[in-house]
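Asks: Input: one structure, supplied below.
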Amino acid sequence: MITAEFKDCTTMKGAIAMMLVAMTTVSCKQLSKRATDERKVVIVGAGIAGIAAAKTLHENGVDDFVILEGSDRIGGRMKQVEFGGVKVEVGANWVHGRSNNNPIWELVQKYSISGKESNYDDFVVRNKTGNDVTDQAEAQTERLSTAQDYLENWRGQIRNDTLPDVSLEVALKLGGWKAKTPLERILEYFDYEFEYADPAEVTSLNNTGRVAEDFSDEDYFVTDQRGFGHIVDRLSNEFLSPNDPRLQLNKVVETVNWTDHTEVTFTTTDGSIYRGEYGLMTVSIGVLENEVIDFIPDLPDWKVEEIYQFRMGQHCKIFLKFPHKFWDDSEYIMYAGSFWPQYAIWQNLEAPGFFPTGTNILMVSALANEVQAIELQSDEETKQEVMAVLKNMYGDNIPEPESILVPRWLTDPLFFGAYSNWPVHVNTQDFEKLAAPVGRLYFGGEATHAKYNGYLQGGYLSGIDQANVILNCMQNGICESYKPVVSRGTPGIPAPVFVILVLPLVVAMFLGQSASTMMIY
Ligand SMILES: Cc1cc2nc3c(=O)[nH]c(=O)nc-3n(C[C@H](O)[C@H](O)[C@H](O)COP(=O)(O)OP(=O)(O)OC[C@H]3O[C@@H](n4cnc5c(N)ncnc54)[C@H](O)[C@@H]3O)c2cc1C
Ligand SMILES: *[C@@H]1O[C@H](CO)[C@@H](O)[C@H](O)[C@H]1NC(C)=O
Ligand SMILES: *[C@@H]1O[C@H](CO)[C@@H](O)[C@H](O)[C@H]1NC(C)=O
Ligand SMILES: *[C@@H]1O[C@H](CO)[C@@H](O)[C@H](O)[C@H]1NC(C)=O
């Protein structure tokens, strides 16, 4: 009843709405507090993808949208925390691919975000007894890079479909590299787990290296005290005013009803209801996999299949503040203490160009399978474990840390992990399915970007792409839709067909020829 009345109010737009008497306007407003909020587009998530999507809608004349964000801030996986006298990035930290065609680098330059070029060659490796074994590492690095040349050649053939996809581990092995010692293992870990947040044996060779190829292999580590997320603040300032009602914080979406193929209804845990002619999800693949959002009806099998095929990588950046510096001067310090790396990649944020001298902060990255135990135990237990490693490297006389920061992305129900990883045997068409809409519900976010999934570029570009897909449907009647060609359980599933529905007239023209692959909702 209330919903219906409110619907009447919102349809009285423009000139008619202006003619309404004050009394009516007030009652509409009062109703809107309790009733369904109706919009042209409802976006879930105010990370870089959701903000880029809303900005794209705005730039194309669509301002009737609302962004529902579960936390009390925008930025999502770009997040700064005060620690040890400075602000540190607990999520995204690097611009991967410092080059002018990288949209993230463009934004970083536009807003003068300060940082430091990463020098991955500036490292020291220490073994379990604290000896500097960097010389030995250099010989192994050469061997690894020979295998990597082989790997790149193979990757080129997978890219043009001459060979099927394999895992990174397989390609390295056949290229002559198999890690057998803790030293060899840490070098491999530095190049792969540290980048993809997932073990080399599950990572698709085809998906690796795209960012370095398309942009550059130079990376930039942000230290700006306004935060890396300042770029998202600035993007949002271009279309949102302070306290703009189109940004709704602390709204955790719990159900998404896409039954009717002309609208999508979202409910949040506080009982609010939002209805859009179009809906856009930008939550992580981890959130979708953990079933914290109830879809009505259930998502189709072809969509569920893709959601579960993709992986959420784990990356935990632990920060330690010390009373003084006792570690090496190089940018990176690697600990080759065990074949199964733990607390193995350290960053000296006291090195020139990072934090002011005397900040005395060390950062250690835990990755992939290492992360779960760390997130589940207390910070005190983690502190003891990292101190044991530091004592192996620098002796028992090192000082205790003044404080420790252990971010938790995996156990946070708004994220369930760090970033997506493309596993072996998943192809480009799988990406199209992951990003394809169901009814009027669209899917964006980092994981849905077929080239730069896992990176900020992926999040940002997926937001723009999905907004354009929605605009094309809304403004030109050209609406994407996906219909699986083969049903579940059919052996030897052929390549599914991605269908674009053009104006009904055009569809009708083609119906006779390819009716089997077309579907009209
Ligand atoms: C530790 C770590 C290190 C990283 N390092 C880098 C790096 O150096 N360089 C790089 O390029 N990338 C890095 N990334 C990846 C990068 O941060 C992401 O790819 C990008 O920020 C994803 O943006 P997004 O908008 O797709 O998703 P998100 O930022 O996750 O945005 C989605 C939003 O949806 C909200 N949400 C979730 N569930 C709900 C719900 N039920 N209801 C309402 N709202 C909800 C979330 O709160 C979030 O704000 C890193 C990520 C992590 C975690
Ligand atoms: C560490 O390296 C030194 C020097 O090469 C060597 O003597 C020592 O045995 C190594 N320690 C371990 C645990 O391998
Ligand atoms: C590898 O990726 C390219 C896109 O860069 C794609 O065209 C190709 O089909 C993929 N190969 C395999 C075997 O998945
Ligand atoms: C979902 O929406 C449809 C109309 O779009 C409605 O008929 C149905 O009752 C809704 N289901 C639930 C569980 O809210």
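The values are calculated or read from the model by the stated rules, or taken from the named source; none is laboratory data. The structure presented is a predicted model; accordingly, all values stated were derived computationally and were not measured. Using ideal geometry, Cβ is built from the backbone for each residue, glycine included, and neighbour counts are taken over all protein chains shown. Keep in mind that these areas ignore ligands, DNA and RNA; they rest on the heavy atoms of the full protein, side chains included. Shrake-Rupley method; radii C 1.70, N 1.55, O 1.52, S 1.80 Å.
Asks: Just the number, please: percent antiparallel of the DSSP beta bridges in the range 22-170, rounded to the nearest 5.
Replies: 55 percent
Asks: Shifting gears a bit: Once neighbouring chains are kept in place and the probe is 1.4 Å, which whole percent of the accessible area of the range 100-212 is contributed by carbon and sulfur?
Replies: About 47 percent, which is the carbon plus sulfur part of the accessible surface.
Asks: How much of the accessible area of the range 283-327, probe 1.4 Å, is carbon plus sulfur, in whole percent?
Replies: Carbon-and-sulfur percentage of accessible area, whole number: 48.
Asks: Which peptide among 470-480, 110-120, 363-373 comes first, and what is the full order, when sorted by highest mean count of other Cβ atoms within 10 Å?
Replies: 363-373, 470-480, 110-120
Asks: Follow-up. Using a probe radius of 1.4 Å on heavy atoms only, what accessible surface per residue do you get for the chain? Whole Å² is fine.
Replies: 44 Å²
Asks: What is the log10 of I(q)/I(0) for the chain, computed with the Debye formula using one identical point scatterer on each Cα and no solvent, at q = 0.08, 0.09, 0.10, 0.12 Å⁻¹?
Replies: -0.56, -0.70, -0.85, -1.16
Asks: When the helix-only estimate is applied to the chain (DSSP H runs of n ≥ 4, each -39,500 (n - 2.57), divided by the residue count), what is the mean residue ellipticity at 222 nm, nearest 500 deg cm²/dmol?
Replies: Computed ellipticity for the chain at 222 nm equals -10500 deg cm²/dmol.
Asks: Which net charge results when you count Lys and Arg as +1 and Asp and Glu as -1 among the other residues whose beta-carbon is under 11 Å from that of residue 218?
Replies: -2
Asks: While we're on this one: At a 1.4 Å probe, what is the % contribution of carbon and sulfur to the accessible area of the range 336-467?
Replies: 52 percent
Asks: Relative contact order for the chain using alpha-carbon pairs under 8 Å, separation at least 6, rounded to a whole percent?
Replies: The normalised contact order for the chain reaches 20 percent.
Asks: Follow-up question, since we're still on this one. Placing +1 at every Lys and Arg Cβ and -1 at every Asp and Glu Cβ, with all other atoms neutral, what dipole size does the range 260-411 have around its Cα centre, in debye to the nearest 20?
Replies: It works out to roughly 560 debye.
Asks: Hey, for a label at residue 468 modelled as a point 7 Å past Cα toward Cβ, could you say which residues of the range 210-237 have their backbone N under 20 Å away?
Replies: 211, 214-215, 235-236
Asks: How big is the antiparallel share of DSSP beta bridges in the chain, given as a percent to the nearest 5?
Replies: Just about 65 percent of them are antiparallel.
Asks: Please work out how much length the chain gains when fully extended from residue 64 to residue 402, using 0.36 nm per residue of separation minus the C-alpha to C-alpha distance, in nm with one decimal.
Replies: Between residue 64 and residue 402, full extension yields 116.8 nm more.
Asks: With unit charges on the beta carbons (Lys and Arg positive, Asp and Glu negative) and the dipole taken about the Cα centre of the chain, which residue among 434, 404, 62 sits farthest to the positive side?
Replies: Positive-end residue among those listed: 62.
Asks: For residue 475 and residue 174, compute 0.36 nm times the residue count separating them, minus their Cα-Cα distance, and round to one decimal in nm.
Replies: 103.2 nm
Asks: May I pose another question? Taking the Cα-to-Cβ direction at residue 238 and at residue 309 and moving 7 Å from each Cα, how far apart do the two end points lie in nm?
Replies: According to this spin-label approximation, the distance is 3.4 nm.
Asks: On to the next question. In whole Å, how far is the Cα centre of the range 284-305 from that of the range 414-487?
Replies: Rounded to whole Å, the Cα centres lie 14 Å apart.
Asks: Once you charge only the Cβ atoms, +1 for Lys and Arg and -1 for Asp and Glu, what is the size of the charge dipole of the chain about its Cα centre, to the nearest 20 debye?
Replies: Roughly 1280 debye for the chain.
Asks: Write down the percent of antiparallel bridges among all DSSP beta bridges whose residues are both part of the range 238-344, to the nearest 5.
Replies: 75 percent
Asks: Summing +1 for each Lys or Arg and -1 for each Asp or Glu, what net charge is found among the other residues whose Cβ lies under 11 Å from the Cβ of residue 159?
Replies: Here the charged neighbours net out to -2.
Asks: Under the definition of Cα pairs under 8 Å and six or more residues apart, what whole-number percent is the relative contact order of the range 180-300?
Replies: 15 percent
Asks: Semi-axes of the equivalent ellipsoid for the range 117-191, please: Cα gyration tensor eigenvalues, times 5, square-rooted, ordered largest first, whole Å.
Replies: 28, 13, 9
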